[in-house]
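**Q** Below is one structure. I have some questions about it.
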């Protein structure tokens, strides 16, 4: 058995689409991610994805962008008046945890600050689970004990009551007491409706919802750190840039997409070959071989993105067929279902299809609130994992 590393852009795209390669990035994240959508393979993955795609319809993204996201962001930012300071990482968690529970299908139970603190703590620990395979300086067994305790509390405080309420509503809809249109549109509801079809037992359903809770916020929090960092650096180095960005969320979205290109949530995707596979870069995988796909390397391809491919340039001219975000959101069976929710969708040919996405909306609101780097405190990258993420990013609000 050998390890194959792929860095060529086209070969990386191909590898992500190859069905004989199974997902292996989360093999050490079994507490939260055993047999969830992102770790399933083949027909079982296809069937579950088709069920869960019912949530991610065009009207879902439109409603979240127009109704849900603004309310969540404004409710959180009101806690940061002019002159206050914050850790951008913590602020991001507090914004995005609400969004995550909403589409995962979790109900808040008492609306208290302690409850939010608990949800954020759980989200951080579930994030530790997802990145155990990339941990550098961490006691993994101690981490697993903490994660198991967090999952048990998540089950008791949030999953069980949310599951019971949705099952009651589903039963009422079956009896004709309420309309099917009155059911919540979230992952837990559609999975409960198709639980027998999908072969999901209770523990599997718990992990699936916990995974969506994690996926809905964890990576976006760290993407937000990179986005804001680039926005502030660019504004400091270019006269008039800040005013232009505040005036135009479409321009902010270009910055968001360029940041996603440079900083994929994981620098690599990892697969295990189930069958022989020949790659476009002339390498070949045999069954059992580990295939490491360099998303970060591919996204900095000079051939695809130009001579300054490793630099931040939101105004770069894209070649036909090359996405602004590169292959950050994946390809093939594991392409990100929530891509439009996170990054939005650029309008094409002057059309009206543009969606800004939650990170563009949040970054633009932060700019309009006068967010600036807190020079009295030092930002720090997370040294505990091989992913490029901010552990602490101090900011102040000047408005």
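The values are calculated or read from the model by the stated rules, or taken from the named source; none is laboratory data. For clarity, every value in this text was computed on a predicted model and none was experimentally measured. Don't worry about glycine lacking a Cβ; one is built from the backbone with ideal geometry, like all the others, and counts go over all protein chains shown.
**Q** State whether one or more residues within region 123-142 are more than 21 Å from residue 76 (Cβ to Cβ), without any contact (Cβ under 8 Å) to a residue 12 or more places away in the chain and either touching a helix residue (DSSP H, G or I) at 6+ places or on another chain (Cβ under 7 Å) or in a loop (DSSP other than H, G, I, E, B) (or both).
**A** For region 123-142, residues more than 21 Å from residue 76 (Cβ to Cβ), without any contact (Cβ under 8 Å) to a residue 12 or more places away in the chain and either touching a helix residue (DSSP H, G or I) at 6+ places or on another chain (Cβ under 7 Å) or in a loop (DSSP other than H, G, I, E, B) (or both): present.
**Q** How many residues does region 354-373 contain that are at pLDDT below 95, touching a strand residue (DSSP E or B) at 6+ places or on another chain (Cβ under 7 Å) and not in a strand (DSSP E or B)?
**A** The number of residues fulfilling the criteria is 1.
**Q** What single numbered condition from (1) within 27 Å of residue 395 (Cα to Cα); (2) under 20 Å from the mean Cα position of the chain (by Cα); (3) surrounded by 15 or more Cβ atoms within 10 Å (Cβ to Cβ) fails to hold for residue 60?
**A** Residue 60 satisfies all of (1) within 27 Å of residue 395 (Cα to Cα); (2) under 20 Å from the mean Cα position of the chain (by Cα); (3) surrounded by 15 or more Cβ atoms within 10 Å (Cβ to Cβ) except (1).
Yes or no, residue by residue, for (1) in contact with a helix residue (DSSP H, G or I) (Cβ under 9 Å, 6 or more places away or on another chain); (2) touching a residue at least 12 places away in the same chain (Cβ under 8 Å):
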site: 221; (1), (2): yes, yes
site: 236; (1), (2): yes, no
site: 241; (1), (2): yes, no
site: 245; (1), (2): yes, yes
site: 255; (1), (2): yes, yes
site: 259; (1), (2): yes, yes
site: 262; (1), (2): yes, yes
site: 272; (1), (2): no, yes
site: 280; (1), (2): yes, yes
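**Q** Here is a check on your reading of the model: is residue 371 closer than 18 Å to residue 221 by Cβ, touching a residue at least 12 places away in the same chain (Cβ under 8 Å) and crowded, with 16+ Cβ neighbours inside 10 Å? I'd like the intermediate steps shown before the answer.
**A** On the way: closer than 18 Å to residue 221 by Cβ: yes; touching a residue at least 12 places away in the same chain (Cβ under 8 Å): yes; crowded, with 16+ Cβ neighbours inside 10 Å: yes.
Yes.
**Q** Identify all residues within region 150-179 that are within 18 Å of residue 30 (Cα to Cα), free of Cβ contacts under 8 Å to residues at least 60 places away in the same chain and surrounded by 12 or more Cβ atoms within 10 Å (Cβ to Cβ); write none if there are none. First the steps, then the outcome.
**A** Filtering region 150-179 for residues within 18 Å of residue 30 (Cα to Cα) gives 150-155.
Filter again for free of Cβ contacts under 8 Å to residues at least 60 places away in the same chain, leaving 150, 152-155.
Passing the criteria: 150, 153, 154, 155.
**Q** When you go through 106, 16, 91 one by one, which is the residue that is assigned to a loop (DSSP other than H, G, I, E, B), at pLDDT 95 or above, under 18 Å from the mean Cα position of the chain (by Cα) and surrounded by 20 or more Cβ atoms within 10 Å (Cβ to Cβ)? Give the derivation first.
**A** Numbers: 16 fails: assigned to a loop (DSSP other than H, G, I, E, B); 91 fails: assigned to a loop (DSSP other than H, G, I, E, B).
Checking each option against the conditions leaves just 106.
**Q** Then there's this: Which number in (1) touching a residue at least 60 places away in the same chain (Cβ under 8 Å); (2) over 29 Å from residue 144 (Cβ atoms) marks the one condition that residue 93 misses?
**A** That leaves (2) as the condition not met.
**Q** Sticking with this structure for a sec: Can you pull out the residues in region 76-100 that are within 11 Å of residue 366 (Cβ to Cβ) and in contact with a strand residue (DSSP E or B) (Cβ under 6 Å, 6 or more places away or on another chain)?
**A** Selection gives 80, 86, 88.
**Q** Here is a further query. Has region 315-330 got at least one residue that is more than 22 Å from residue 17 (Cβ to Cβ), touching a residue at least 40 places away in the same chain (Cβ under 8 Å) and either out of contact with any helix residue (DSSP H, G or I) (no Cβ under 9 Å at 6 or more places or on another chain) or surrounded by fewer than 21 Cβ atoms within 10 Å (Cβ to Cβ) (or both)?
**A** yes
**Q** What number of residues within region 276-306 are in a loop (DSSP other than H, G, I, E, B), over 18 Å from residue 334 (Cα atoms) and out of contact with any strand residue (DSSP E or B) (no Cβ under 8 Å at 6 or more places or on another chain)?
**A** Filtering region 276-306 down to residues in a loop (DSSP other than H, G, I, E, B) leaves 276, 279-283, 286-289, 299-301, 306.
Then keep just the ones that are over 18 Å from residue 334 (Cα atoms); that gives 276, 279-283, 286-289, 300-301, 306.
Okay, now just the ones that are also out of contact with any strand residue (DSSP E or B) (no Cβ under 8 Å at 6 or more places or on another chain), so 280, 282, 300-301, 306.
Going through region 276-306 one residue at a time, the tally reaches 5.
**Q** Can you list residue pairs whose Cβ atoms sit under 7 Å apart, with the first residue in region 31-43 being without any contact (Cβ under 8 Å) to a residue 24 or more places away in the chain and the second being crowded, with 20+ Cβ neighbours inside 10 Å and part of a loop (DSSP other than H, G, I, E, B)? Count only pairs 6 or more apart in sequence or on different chains.
**A** 39/26
**Q** Here's another thing I want to ask about it. Looking at 291, 277, which is the one that is at pLDDT 95 or above, surrounded by 21 or more Cβ atoms within 10 Å (Cβ to Cβ), under 28 Å from the mean Cα position of the chain (by Cα) and farther than 24 Å from residue 245 by Cα?
**A** Values: 277 fails: under 28 Å from the mean Cα position of the chain (by Cα).
Going through 291, 277 in turn, the sole match is 291.
**Q** OK, next. Would you confirm, using the coordinates I've provided, whether residue 76 is more than 30 Å from residue 194 (Cβ to Cβ), crowded, with 18+ Cβ neighbours inside 10 Å and in contact with a helix residue (DSSP H, G or I) (Cβ under 6 Å, 6 or more places away or on another chain)?
**A** Working: more than 30 Å from residue 194 (Cβ to Cβ): yes; crowded, with 18+ Cβ neighbours inside 10 Å: yes; in contact with a helix residue (DSSP H, G or I) (Cβ under 6 Å, 6 or more places away or on another chain): yes.
The answer is yes for residue 76.
**Q** Let me ask something additional. Any residue in region 334-348 that is free of Cβ contacts under 8 Å to residues at least 60 places away in the same chain, assigned to a helix (DSSP H, G or I) and either closer than 29 Å to residue 125 by Cα or touching a strand residue (DSSP E or B) at 6+ places or on another chain (Cβ under 7 Å) (or both)?
**A** Taking every residue of region 334-348 in turn, at least one turns out to be free of Cβ contacts under 8 Å to residues at least 60 places away in the same chain, assigned to a helix (DSSP H, G or I) and either closer than 29 Å to residue 125 by Cα or touching a strand residue (DSSP E or B) at 6+ places or on another chain (Cβ under 7 Å) (or both).
**Q** May I ask you to list pairs of residues, at least six apart or on different chains, whose Cβ atoms are under 9 Å apart, with the first in region 1-28 being over 16 Å from residue 297 (Cβ atoms) and the second being at pLDDT below 95 and part of a strand (DSSP E or B)?
**A** Short answer, once both residue conditions are applied: 28/135.
**Q** May I ask you to list the residues in region 201-219 that are in contact with a helix residue (DSSP H, G or I) (Cβ under 7 Å, 6 or more places away or on another chain) and modelled with pLDDT of 95 or more? Outline the logic, then answer.
**A** Just the residues of region 201-219 that are in contact with a helix residue (DSSP H, G or I) (Cβ under 7 Å, 6 or more places away or on another chain), to begin with: 205-214, 216-218.
Residues satisfying the conditions are 205, 206, 207, 208, 209, 210, 211, 212, 213, 214.
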